[in-house]
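Here is the structure we will look at, set down as structure tokens.
Taken together, the values in this text are just the output of simple stated rules run on the coordinates, not laboratory data. Worth saying up front: this structure is predicted, and the values here are computed from it rather than measured. So basically every Cβ, Gly included, is an ideal-geometry build from the backbone, and we count neighbours across all protein chains shown.
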Amino acid sequence: MAGRVLGGKVRYGLYNRACFHMLKQLKDYINYQFSRKIHDNEKLPFLFISSYSVLLISAAHHICLLVISSIAEIPVFIYMNLTSIFIYVGLLFLLAKKKYILVNLLFSLEVMLFTFFSIWLLGALDNYMIVYLLLLLMIQAVVPYGNKRIRINMVLLIIMTITASIGVSFSDKHRILLTPQINKIFMVFNIFLFCMVTTLLINFSNSLKIYANKLSYLRISDLETKAYTDPLTQLFNRRYADIIFNNLDNNKINYIAALMDIDDFKKINDNYGHASGDAVLEFVSRFLLKNLRKADVVFRWGGEEFLILLADVNLSAAYVILEKLRVKLSVSDIPVIKGTLRLTVTIGTAELNPRYPFKSIDDCDKKLYRGKSLNKNVVVI
């Protein structure tokens, strides 16, 4: 008899350590994956990560219960846990198809039914099976799988299940009689599970706030990028130029403004088509970004016009830079639908007055048209 008790204690200790180690490894893995996805800014949403983690933990929990049930030789619990494990496999497949509401509703129903029937069969609460429903209540608050109305209704259903479970526990009808040792294993396992999952849900809640703030920031940044860039060329537009002009006095950088226009752009559209015209604008934009310095700023000013702000150079140095740019562009083969073509540009330049930037650009415009009258393909200072 003493040998049996000793053997039981050894099995209990080994089992407890194995479960603790497995659940700890699972928690660390989920935290690692969650942190990596969020910080790498991958497209995998928080909802998928949280739902996947909950299903994974629940499946592992049922595997542990299956082991306990097998050791205790409780057939009905063996079948119940096997059924739950198969259900979770199906839920993981549904989750891969992004059926978030369906997955979480079926998951919640499985937990409620499993808990209710477990308490009904055991006829007592001292094994803490009721904690599954308490954890399910917390999940409704942390995992945003549906709108508030769906989750509030689910909370009410869980509360009804808790009430019914407490009710059947007072019937004192033990349909399955557990030994004190097995009952203690259930109790320790359920308390440990409650503590671990509660900690995990708190971490998820904090991570959700971080993720939501980061997502909000990314959306705002994306909206600002779209608002301040030209959709075709991806260059800054006039709206962003207004921001730079308003801060010219503060940034203490002197600029030379250059207004560049593609010569005979209408002929390109007429002879090669508008798609080729767009390809030319994209090519010129990439060319400017590649051949100018990082401190310089380029805008699509309108149509086939580009505004260039050359930082910290005088007018003579600006002329040298722009002349090299003009010559290099004039000998570049530009791929279009019907083959390749070459083009020339005319550029008007002036010092950018920080107090009256648009007057400086108007001066550039006048010099640009003077260059057009000089047979084009020229830099005018």
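Quick notes
- Within-12-Å neighbourhood charge of Leu309 [Cβ basis; K, R +1; D, E -1]: -2
- Across the stretch 232-240, coupling constants 3J(HN,Hα) worked out from phi with the 6.51/-1.76/1.60 Karplus curve, θ = phi - 60°, read 7, 8, 6, 8, 4, 10, 5, 4, 6 Hz, and Gly and Pro carry x.
- The per residue volume of the convex hull around the alpha-carbon atoms of the stretch 238-380 is 98 Å³.
- The label-point distance for Lys294 and Ser316, in a model that sets each label 7 Å from Cα toward Cβ, rounds to 2.9 nm.
- Separation of the alpha carbons by more than 20 angstrom is noted, of Lys324/Lys367; Lys266/Lys338; Lys290/Lys372; Lys290/Lys338; Lys266/Lys376; Lys328/Lys366, for Lys290/Lys372; Lys290/Lys338; Lys328/Lys366.
- Full extension of the segment from Val327 to Leu137, taken as 0.36 nm per residue of separation minus the current Cα-Cα distance, would add 61.3 nm.
- You can think of it this way: the chain between Ser70 and Asn183 has 39.3 nm of extra reach, that is 0.36 nm per residue less the Cα-Cα gap.
- The phi torsions of the stretch 135-144, fed into the Karplus equation with coefficients 6.51, -1.76 and 1.60 and a -60° offset, translate into couplings of 5, 5, 4, 5, 4, 4, 7, 8, 8, x Hz, rounded to whole numbers, with Gly and Pro shown as x.
- Contact order relative to length of the stretch 238-380, as percent, for alpha carbon pairs under 8 angstrom and 6 or more apart: 32 percent
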